[in-house]
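Following: one structure in structure tokens, then a few remarks.
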Amino acid sequence: MTPAPVAVAPVFIVSVADGTEGRLIVDKKAETPGWALVAFAIQTEEVDPAEITFVRIE
């Protein structure tokens with residue numbers, strides 16, 4: 001019997017105003033209302049959505 005496929009959520013890679021790329025966190029809310037959480041290589045930061053550009057979906 002073949003195992004059922006495992007659903008994998010897409011990962012949204014974004015770029016912020018200074019060109020740094022990170023992973024958009026979609027399962028947590030930022031403390032600042034209306035802002036998004038982005039995981040960068042070293043830390044997670046709250047980012048104004050107006051500064052986010054989608055780079056790719058993995």
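The values are calculated or read from the model by the stated rules, or taken from the named source; none is laboratory data. Predicted, not measured: the structure shown is a model, and the values here were computed from it. A quick note on method: Cβ atoms are made from the backbone with ideal geometry, for glycine too, and the neighbour counts reach across all protein chains shown. Note: accessible area is taken over every heavy atom of the protein model, side chains too, but ligands, DNA and RNA are not part of it. Shrake-Rupley method; radii C 1.70, N 1.55, O 1.52, S 1.80 Å.
Descriptive notes on the structure:
- Whichever residue in the range 38-58 is in contact (Cβ under 8 Å) with a residue 24 or more places away in the chain and outside any loop (DSSP other than H, G, I, E, B) and, among such residues, is nearest to residue 23 (Cα to Cα): 38
- Of all residues in the range 36-58 being open to solvent by 60 Å² or more (accessible area, probe 1.4 Å) and under 16 Å from residue 9 (Cβ atoms), the one that is modelled with the lowest pLDDT: 58
- The residues of the range 20-35 that are open to solvent by 20 Å² or more (accessible area, probe 1.4 Å) and not in a loop (DSSP other than H, G, I, E, B), listed by number, are 21, 23, 24, 25.
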